[in-house]
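Read the structure below first, then the notes.
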Amino acid sequence: MKIAFVGKGGSGKTTLSSLFIRHLAANEAPVVAVDADINQHLGAALGLDEAEAAALPAMGAQLPLIKEYLRGENPRIASADTMIKTTPPGRGSRLLRVHEDNPVYDACARPVRLDDAEIRLMATGPFTESDLGVACYHSKVGAVELCLNHLVDGPDEYVVVDMTAGSDSFASGMFTRFDMTFLVAEPTRKGVSVYRQYKEYARDFGVALKVVGNKVQGPDDLDFLRDEVGDDLLVTVGHSNWVRAMEKGRPTRFELLEADNRMALQALQNAADDSYAERDWERYTRQMVHFHLKNAESWGNAKTGADLAAQVDPGFVLGEQLAVPQPS
């Protein structure tokens, strides 16, 4: 299952995504976690110290390797240089799977121990001094989108992405890459404004969206969120002494997280698991192609000097039937 956490800056989406990742790991589920936020805080929220978080390899810096590996023997892609963030897979492409070992994970993922379990953590990489004034952050997030386009995942395995804040996710087609999107909202007018944007933008794409109310302190906060987001409100999360200790760098074992917050995390997992019944690989592939053609026409063809529409394999549909590991 592919799951995104979104919300305005300061809403607590990174904290909530890290708690969800810990919850899945505690339930012995295989997890690939991806920090796609410009502020790069997921590693710290998962317990890495400053040096460990800084040492995470940047996916953006490994883009040539990622492209070359995923291109495989796809005859429609003449070279890795002609691949862009939206390039879809086709016959001959290499695909990614949650469980396997491959050169992309070797270069971009690092194991993180969470109590008695271990997950893989990947990060787009921070905005560097050389990027200032000349680069767009979406070019870095493009490595995440390209990997998601080539990912084949099944039930009971999870890819959890902490997305960039606000509505920046709509700068590409990545917002359609998920089985479930959890929008973290505070009980304030600003807190629900991103929800309204997401709801409007995602309406025509069948995006499954649920709201997680965060920093809810009483019935008035709960009533406010119910009035503003209606049935999209899935669950609320209140104050946590466990989270406060974690933010100080002194977390206890995850099993000691407050019972009501653990129940809230189980509700998130249940909602994500239930979305599997609505998975439509044909629609997923069609949307992938739609955004690729848009990007090709608007900038991709000019940048690469190639007709990127020719990369689309009209007879190819991504799906779990393709989940047989391929040689690297």
For the chain, modelled as a GNM with alpha-carbon contacts under 10 angstrom, which of PHE205, PHE254, PHE178 fluctuates the most?
PHE205
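For segment 194-304, rounded, prolate or oblate, judged on the Cα gyration tensor with a ≥ b ≥ c (square roots of eigenvalues), a/c < 1.5 rounded, else prolate if a/b > b/c?
Cα axes put segment 194-304 in the prolate bin.
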Go through segment 23-40 residue by residue and turn each phi into a ³J(HN,Hα) via Karplus (6.51, -1.76, 1.60, θ = phi - 60°); whole Hz please, and just put x for glycine and proline.
4, 4, 4, 5, 8, 6, 8, x, 9, 10, 9, 10, 8, 10, 8, 4, 8, 6
With both bridge residues required to lie in the chain, what share of the DSSP beta bridges run antiparallel, to the nearest 5%?
15
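Show that you can apply the helix-only estimate: for the chain, add -39,500 (n - 2.57) for every DSSP H stretch of four or more residues, divide by all residues, and state [θ] at 222 nm to the nearest 500.
On the way: 12 runs with 118 residues, N = 328.
Using -39500 (n - 2.57) per qualifying helix, the result is -10500 deg cm²/dmol.
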Separation of alpha-carbon centers, segment 1-75 and segment 226-286, rounded to whole Å
16
Between MET246, MET288, MET180, where does the largest GNM mean-square fluctuation fall for the chain, given springs only between Cα atoms within less than 10 Å?
MET246
Show the residues, 5+ positions off or on another chain, whose built amide H is closer than 5 Å to the amide H of LEU233.
VAL211
Which of the aspartates and glutamates could be linked to LYS190 by a straight reach, that is with a Cα gap under 14 Å, when you skip same-chain ones fewer than 8 residues away?
ASP221, GLU228
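Give the shape of the chain as rounded, prolate or oblate, defined through the alpha-carbon gyration tensor: a ≥ b ≥ c are the square roots of its eigenvalues, a/c under 1.5 means rounded, and otherwise the shape is prolate if a/b is larger than b/c and oblate if not.
Values: a/c = 1.67, a/b = 1.47, b/c = 1.13.
Because a/c hits 1.5 or more and a/b exceeds b/c, the chain counts as prolate.
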Normalised by the residues of the chain, what does the relative contact order come to in percent, with Cα pairs under 8 Å and at least six apart?
27
So, by mean Cβ neighbours within 10 angstrom, what's the order for 303-314, 66-77, 103-114 with the highest one leading?
66-77, 103-114, 303-314
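Share of segment 261-328's accessible area from carbon and sulfur, percent, 1.4 Å?
Looking at segment 261-328 in its full context, I get 55 percent from C and S.
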Across bins of 5 angstrom width beginning at 0, how are the C-alpha pair distances of segment 25-123 distributed, in whole percent?
2, 12, 21, 20, 17, 13, 9, 5, 1, 0
For the chain, dividing by residue count, accessible area per residue (probe 1.4 Å) in Å² works out to 45
Scalar couplings 3J(HN,Hα) for segment 315-321 by Karplus 6.51 cos²θ - 1.76 cosθ + 1.60 (θ = phi - 60°), nearest whole Hz, x for Gly and Pro, are x, 9, 10, 5, x, 5, 5
Taking the alpha-carbon distance from LYS2 and a cut-off under 17 Å, which lysines remain once sequence neighbours fewer than 8 residues away in the same chain are dropped?
LYS13, LYS210
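Longer than 24 Å from Cα to Cα, which of LYS8/LYS294; LYS8/LYS215; LYS67/LYS303; LYS8/LYS67; LYS67/LYS199 are they? Say none if no pair is. Display every interim value, and only then the final one.
Values: LYS8/LYS294 27 Å; LYS8/LYS215 13 Å; LYS67/LYS303 16 Å; LYS8/LYS67 31 Å; LYS67/LYS199 32 Å.
Result: LYS8/LYS294; LYS8/LYS67; LYS67/LYS199 exceed 24 Å.
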Anyone know which of ASP260, ASP204, ASP232 comes out most mobile in the 10 Å Cα GNM of the chain?
ASP204
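The values are calculated or read from the model by the stated rules, or taken from the named source; none is laboratory data. Treat the numbers as computed from the prediction; the structure is a model and nothing was measured. Note that each Cβ is placed from the backbone with ideal geometry, even for glycine, and that neighbours are counted across all protein chains shown. Remember, those area values only see protein heavy atoms, side chains included, never the ligands or the DNA or RNA. Shrake-Rupley method; radii C 1.70, N 1.55, O 1.52, S 1.80 Å.
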